[in-house]
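Rule-based calculations on the coordinates, nothing more; no lab input. The shown structure was predicted, so the numbers you read here are calculated from the model rather than taken from an experiment. We place every Cβ from the backbone using ideal geometry, glycine too, and count neighbours over all the protein chains shown.
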Amino acid sequence: MNNPHLILAVLFQLTQLLLVVLAAPMLTGWVNQCQAWLQNRSGAGLLQPYRVLNKLFHKDAVIADNASWLFRITPYIVFACMWLAAAIIPILAVDLPFSQAADVIALVGVFALARMFIALAAMDIGTSFGSMGARREMLVSFLAEPALLMVFFTASMISHSTQLPGIVEALAHHQFVLYPSLAFAGLAFVIVLLAENARIPVDNPSTHLELTMIHEAMILEYSARHLALIEWASSLKLFAYISIGIALFLPYGIAEMGNWAGLPAAIVLLVGKLALAGAALALLETVSAKMRIFRAPEFLGTAFLLAVLGLLIHFLLGA
Amino acid sequence: MPITHPGLQLQRLAGAIPVWHGRIIEADLLPVCESVRDGGGRLVALWGSDERVFGAGFSLHVVLVNEAGLICLTLPLSAVQPDYPDISAIFPAASRMQRAAYDLLGIRARDACDQRKWLRHAAWSEGAYPLRKDFDHPHFGSSLRSPPPHQGEEAIDRSPAENGTQTHDDYPFVQVEGQGVHEIPVGPVHAGIIEPGHFRFSVIGERVLRLEERLGYVHKGIEKLFEINSLYDGCKLAGRVSGDSTVAYAWAYAMAAESIANVTPPDIALWMRALFLERERISNHLGDLGYLGNDVAFSFGFAQFWILKEQLLRNNAELFGHRYLMDAIIPGGVRAGIDESGKQTLLAECEMLEREVRLLRSVYEEHAGVQDRFIGTGSVAPELAARLGLCGLAGRASSQAWDMRVQCASAPYGMLDVQMATHRNGDVAARVIVRFDEIFESLRLQREIMANLLGGDDLAYPVSQLPANGFGIGMVEGWRGEVMVAIHTYAEGNPDRVHPHDPSWQNWPVLEHAIIGNIVPDFPLINKSFNLSYSGHDL
């Protein structure tokens, strides 16, 4: 790896980092806007999440007297984790320097780290809602994580790599093949995406009913910049998950590292894919109701089963 | 005569609904209550009044209802030691009413098993009873008829101790003990913008072992305020006891006043009142059905039902001058009529609502996820409902076939042949079904009312002065259940004691039972399916 190449790689990486952190709230805004349209409402527009972040950053933070350093530091850790995750995933181009640093298993670990801190912070404050949310979050996530790993393993088996660039490389740049195993893994991934991002039917990100909350219950005590960082991190997480989905199942058209000429086309294609995925998510959420919390294990069990089926099909058919 | 008991003299009061009133002696109270209960009757309301200005003592008033009508019993109490036998063993719903009567007036139910305070928080001290005529308060002073002075700095600057208030509100909740049991306190400040109420859950994991409510956070002193209001201002105030039932309260108040003054409003006014009441019912049911969708994260339903509700409210504003029909009803009649083009607007609206609600009903009923959340959730068995006196819409969803538009049909309901909607299951799904059925019935009634509404000259007859020593009761089937207003006059002129009663008094305690065995995240849905009033209860 010579010097100019390294600079180029870092430039590419920085472009992706900046783009992701700036565009993530817009994806959330897009999903909300699509939902509004599907419900015959006019909606708040694509820029609403930015306005909310701006408002929150201008407020004074209120912190409970008995909050420890854990509570204060958690928003920064969660935000950093999500940003790091977004850096690892090949979004704009493959083979970025950061993506060498961690494979898919480490990626799952990064998400888990953020979750652990947010659950600890929720309990740190000592309110009943915090502990209730943390408890439910752990129930959902410990069922979602194995399913996510199985999805990754299926993709890894096909591409013989646990590195995301390797997987994308294998799927995007080889001859176009239909993988039945990936179809099962894709279904499982959608379920995991819904559960991990606190979406309907597992959780409801827009609810005000504190007793039904999972993710929101954990962050009830946060305000101002802390809340802004957590909201932003949630947007980043959704962006990261959809990007993982694109990388695993629709990687076609991603730019090669260092290929500036291919970048505009890659960006346009990426925006198209994100818009499509966001609209599909909005549709899915609009037509479903939230399930009882004790149905979530069945739901996530289905995801795990589908992912295992994908893996089995790969072994049986070699595809 | 709805009930006979040796020595009990009941007199039929004038007015739109069958009400019998009589004085009772203490020894007869429990036997009479028992015989009403055994005959399938229920407790409607319980309140007290301070009649020491006549040299008498206090009075306890108990309103019961059976198939023949309302029975109002008045029990005179001593001025020195005002107490009376506890009736909560016969009617469990009486318990909180008795506790509230003690907090407000200092009349105690002897040997009641629950003697904790209920409406009194920290705003006034123990031993002060706001509804006594000699209650000393900066707003009221000695002359009750003069309007309250503006709360000046003087009142604000006084420390809580000097004001007679406490800084702490120690309320002994019932503790559930055992391994793994913990408490979740919720409210009175909630994550959403709703009325304040405190809910104490004792849970194991997500399963609710016990729920205890603590209400009274929106106590506004409405009953005290009635004492200084004129007859017509009192009607406005009655319309603000619970904003979602403004028509029902205003009508019940007007009905009670008309009963005392012996005035029958013009026919057209009665038809208009029924029209208003049905519109209030439709708009609240539409809103609730939307909220029930929202509570299971089915926002599509929420948005659609609220579009319909908004259309109805806009028509209200355009035709009758107020979105929620506040102050449309006045003693003696109504303030707003309707013309031919207005009728056309409403008929078109009826048609649109009928079509849209039918469509949305099929969406709800065919949605597996929604039905999975509704069916079997928050179930109240008919036997329990009967024992606890569950009333109104929630009662009808648990086989309690009571509807004042059917049983005590005041004009014009006697001519409308209302079809009562009932269900057996008593779960959230049943309460949804009853709401849907009632919307369609109300749409039918609205059409029928419009066919009967002929142009008249007068919208209202004047009700000037109420006679002295008068007593009247008005009762209307609001959308939530039976809304009752009782008016006492001592001197000639204006009401001296007004007691508004919301059906939520009966239904709040039943909610504590409905949640048992369900999981914590289902509580908001169950709560919404009852949709009880805080303001109407806390007064």
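Before moving on, here are some points about what is shown:
- Anisotropy class of segment A:39-101 from Cα gyration tensor, a/c 1.5 cut: oblate
- Pairs of C-alpha atoms in segment A:75-143 farther apart than 20 Å represent 40 percent of all such pairs.
- For segment B:222-505, the normalised intensity computed at q = 0.11 Å⁻¹ comes to -0.64 (log10 of I(q)/I(0), Debye sum over alpha carbons, equal scatterers, no solvent).
- 20 Å binning of all Cα-Cα separations within the protein assembly as shown, expressed as whole percents from 0 upward: 14, 39, 30, 14, 3, 0
- All aspartates and glutamates inside 18 Å of residue B:224 as judged from Cα atoms, apart from same-chain residues fewer than 8 positions distant: B:50, B:51, B:103, B:126, B:134, B:136, B:233, B:496, B:502, B:538
- For segment B:280-307 and segment B:238-274, distance of Cα centres in Å: 28 Å
- Separation between Cα centres of segment A:211-269 and segment B:316-365, rounded to whole Å: 47 Å
- Partner lysines whose Cα lies under 23 Å from the Cα of residue A:237, excluding those fewer than 8 positions away in the same chain, are identified as A:55, A:273, A:290.
- Violating pairs (Cα-Cα greater than 27 angstrom) within the set B:117/B:220; B:343/B:528; B:220/B:343; B:117/B:236: B:343/B:528; B:220/B:343; B:117/B:236
- Distant-in-sequence amide H partners of residue B:330 (H built 1.01 Å from N, under 5 Å): B:335
- Amide hydrogen proximity for residue B:210: with H placed 1.01 Å from N in the peptide plane, the residues at 5 or more positions away or on another chain lying under 5 Å are B:202.
- Remark on residue B:58: its backbone amide H falls under 5 Å from those of B:51, B:77, B:78, B:79, a criterion applied only to residues 5 or more positions apart or on other chains, H modelled at 1.01 Å from N.
- Among B:408, B:350, sorting on how many other beta-carbon atoms sit within 10 Å of each Cβ, with the fewest leading, yields B:350, B:408.
- With R₀ fixed at 41 Å, the C-beta to C-beta distance from residue B:179 to residue B:381 puts the FRET efficiency at about 0.90.
- Euclidean distance of C-alpha centroids, segment A:1-40 and segment B:421-463, integer Å: 55 Å
- Computed helical MRE - 222 nm, chain B, DSSP H runs ≥ 4 contributing -39500 (n - 2.57), nearest 500: -12000 deg cm²/dmol
- Value of [θ]222 nm, deg cm²/dmol, for chain A, DSSP H segments ≥ 4, -39500 (n - 2.57) each, nearest 500: -24000 deg cm²/dmol
- Residues B:352, B:326, B:404 arranged by fewest to most Cβ contacts within 10 Å: B:352, B:326, B:404
- The GluC sites (Glu not before Pro) of segment B:166-215 that meet both conditions, a loop assignment by DSSP and at most 16 other Cβ atoms within 10 Å of the site Cβ, are B:177.
- Relative exposure of B:458, B:502, A:65, B:288, judged by other C-beta atoms within 10 Å (fewest first): A:65, B:458, B:288, B:502
- Of the chymotrypsin sites (Phe, Trp or Tyr not before Pro) found in segment B:90-139, no site is in coil according to DSSP while having at most 15 other Cβ atoms within 10 Å of its Cβ.
- The aspartates and glutamates within cross-link reach of residue A:59, meaning a Cα-to-Cα straight distance under 19 Å and a gap of 8 or more places when in the same chain, are A:221, A:231.
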